[in-house]
Amino acid sequence: MRGYSSNIAFIDLLFNLLIGFTSLLLIAFLLINPVADDGVVNPRAEFLITMSWLDTSGIDLDIWIEGPNKTIVGFPQKDGAFIILERDDLGNTNDTFLINGVEQLVERNLETVSINAIVPGEYFVSVHNYNSTVENDEEEYPTPVTIDLMDLEPYSLVLSKQVSVKLKEEKSVFSFMINEKGQIYDLNDDINIKIRPTPRGGRSDTDEGAVP
Amino acid sequence: MPFWKWWTSIVVIILAISYAQYQLDILNFIYNNDPTRITAIIGIIFLLCTIRIGYVSWQKQFLYTQHDHFNENEILWFCSDVVMSIGMVGTLIGFLIVLTTTFTDIDTTSAQAMKEVIGTLASGMGIALMTSLTGLISSIILKFQLVMTENLNERV
């Protein structure tokens, strides 16, 4: 039989189409840009504990941390060796800055505590409401506040807890253990251990008479 | 007059190729873009078959040789299919180049590396399409010559 007709050409055409689509697919995959690593700043710390509440709130909340060596870090004692409170946020009182003679408002209510070394032991975290009055009647009361515990090596949000604190109240948030490898374990968010010191040297089991 | 028919068709084909070469530099383009040289193989087969068809038609016309052309031309018909199959082989080789060389040691963060990879992809596609096209065109022209020669023979 003479080869007047052949299906090779048709198969060839199908293969060429296949190559065309495959190439397009490959190019599409290759052109997916990887997420740029430049510009990402990694905090030099092992763990971070952040406390944030409504940015427009006038309530002054304070975070208190007690480390395994009984170091207590809060606004009067910001530097506790490896536990450091980076800023004492006073609500909206210290949100106004005078920069080059121009008043600027940065509405952000955030306190950050960094733990810069792996020190095995138990840590306690509590929140204290410093205010004795609520100036803004529209504000939610008791003041809701979110406390996040982050492990930075590698990054993971270990716990995020929301609590509400009344005026002059100290509320325990959670406790956790850190082992020698820098792993967090034994998380406990159902505790009632006050860590804020009082002038008499004890704990602020009563809200009255505490160090402000 | 089978030979003169064949001769006319060949002159037309040569003129067409010359025009394409003059306008588009087509032979140089094919040579530069096909590192596998499959198009060259197709071209050589095409050339040999064309000469053979010319010789057969010359014999018919001037020597009045009565060939059993159904057997005589079988190899030429076979060759007209072979050029297409070789084109298909080129397609597969092009596909292979696209698939194998693209992902070898690829650095997606480097723009230069990406350029090279896309260049390789284009090269593979180029080989595939070029060999297919050369094979198809060669096959069409060969079959045209064969059909013309045989039909004329039968009328003699």
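The values are calculated or read from the model by the stated rules, or taken from the named source; none is laboratory data. Note that the structure is a prediction, hence the values are computed from the model and not measured. Glycine also receives a Cβ, built like all others from the backbone with ideal geometry; neighbour counts cover every protein chain displayed. Accessible surface is based on the protein model in full, side chains and every heavy atom, while ligands, DNA and RNA are left aside. Shrake-Rupley method; radii C 1.70, N 1.55, O 1.52, S 1.80 Å.
Can you name every residue in the stretch A:81-97 that is touching a Lys or Arg at 6+ places or on another chain (Cβ under 9 Å) and either among the basic types (Lys, Arg) or open to solvent by less than 70 Å² (accessible area, probe 1.4 Å) (or both)? Break it down into steps so the answer makes sense when it comes.
Initial filter on the stretch A:81-97 (touching a Lys or Arg at 6+ places or on another chain (Cβ under 9 Å)): A:84-89, A:94-95.
Of everything in the stretch A:81-97, those that are touching a Lys or Arg at 6+ places or on another chain (Cβ under 9 Å) and either among the basic types (Lys, Arg) or open to solvent by less than 70 Å² (accessible area, probe 1.4 Å) (or both) turn out to be A:84, A:85, A:87, A:88, A:89, A:94, A:95.
In this structure, is residue A:124 surrounded by 10 or more Cβ atoms within 10 Å (Cβ to Cβ) and without any contact (Cβ under 8 Å) to a residue 40 or more places away in the chain? Talk me through it step by step, then tell me what you get.
Numbers: surrounded by 10 or more Cβ atoms within 10 Å (Cβ to Cβ): yes; without any contact (Cβ under 8 Å) to a residue 40 or more places away in the chain: no.
In short, no.
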> Looking at (1) closer than 20 Å to residue A:24 by Cβ; (2) in contact (Cβ under 8 Å) with a residue 60 or more places away in the chain; (3) open to solvent by less than 40 Å² (accessible area, probe 1.4 Å), can you tell me which one residue B:128 breaks?
Replying inline: (2)
> If you scan the stretch A:162-212, which residues turn out to be open to solvent by 90 Å² or more (accessible area, probe 1.4 Å) and either among the polar types (S, T, N, Q) or modelled with pLDDT of 85 or more (or both)?
Replying inline: A:162, A:166, A:180, A:181, A:183, A:185, A:186, A:190, A:192
> Has the stretch B:54-75 got any residue that is modelled with pLDDT of 80 or more and within 7 Å of chain A (Cβ to nearest Cβ)?
Replying inline: no
> Could you count how many residues in the stretch A:13-57 are closer than 16 Å to residue A:110 by Cβ and touching a Leu at 6+ places or on another chain (Cβ under 9 Å)?
Replying inline: 9
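Pick from A:103, A:66, A:46: which is away from every other protein chain (no Cβ under 14 Å) and open to solvent by 80 Å² or more (accessible area, probe 1.4 Å)? Reasoning before the result, please.
Details: A:66 fails: open to solvent by 80 Å² or more (accessible area, probe 1.4 Å); A:46 fails: open to solvent by 80 Å² or more (accessible area, probe 1.4 Å).
That would be A:103, the only listed residue that is away from every other protein chain (no Cβ under 14 Å) and open to solvent by 80 Å² or more (accessible area, probe 1.4 Å).
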> Across the stretch B:76-109, what is the total count of residues that are modelled with pLDDT under 70 and of a type in the set (Asp, Glu)?
Replying inline: 1
> When you go through A:95, A:60 one by one, which is the residue that is over 18 Å from residue A:124 (Cα atoms), without any contact (Cβ under 8 Å) to a residue 40 or more places away in the chain and out of contact with any His (no Cβ under 7 Å at 6 or more places or on another chain)?
Replying inline: A:95
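Does the stretch A:46-62 contain at least one residue that is among the β-branched types (Val, Ile, Thr) and modelled with pLDDT under 90?
Let us first name the residues in the stretch A:46-62 that are among the β-branched types (Val, Ile, Thr), namely A:49-50, A:56, A:59.
Adding the requirement that they be modelled with pLDDT under 90 leaves A:56, A:59.
Among the residues of the stretch A:46-62, at least one is among the β-branched types (Val, Ile, Thr) and modelled with pLDDT under 90, which makes the answer yes.
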> Which one is least open to solvent (accessible area, probe 1.4 Å), of the residues in the stretch B:30-52 that are in a helix (DSSP H, G or I) and modelled with pLDDT under 90?
Replying inline: B:30
>> For the stretch A:11-31, which positions are within 8 Å of chain B (Cβ to nearest Cβ) and within 17 Å of residue B:117 (Cβ to Cβ)?
In response: A:19, A:20, A:22, A:23, A:26, A:27, A:30, A:31
>> As an exercise: evaluate residue B:117 against (1) under 23 Å from residue A:28 (Cβ atoms); (2) more than 10 Å from every other protein chain (Cβ to nearest Cβ) and give the number of the one condition it does not meet.
In response: (2)
> Since residue A:76 meets every condition but one in (1) surrounded by fewer than 19 Cβ atoms within 10 Å (Cβ to Cβ); (2) without any contact (Cβ under 8 Å) to a residue 60 or more places away in the chain; (3) not β-branched (Val, Ile, Thr), which condition does it not meet?
Replying inline: (2)
> What single numbered condition from (1) within 11 Å of another protein chain (Cβ to nearest Cβ); (2) open to solvent by 30 Å² or more (accessible area, probe 1.4 Å); (3) at pLDDT below 85; (4) touching a helix residue (DSSP H, G or I) at 6+ places or on another chain (Cβ under 8 Å) fails to hold for residue B:123?
Replying inline: (3)
> Is there any pair linking a residue in the stretch A:179-194 that is among the basic types (Lys, Arg) to one that is surrounded by 10 or more Cβ atoms within 10 Å (Cβ to Cβ), with Cβ under 7 Å and at least six apart or on different chains, and which?
Replying inline: A:194/A:126; A:194/A:170; A:194/A:172; A:194/A:203; A:194/A:204; A:194/A:205
> Looking at this structure, is residue A:39 more than 14 Å from chain B (Cβ to nearest Cβ) and of a type in the set (Gly, Ala, Ser)?
Replying inline: yes
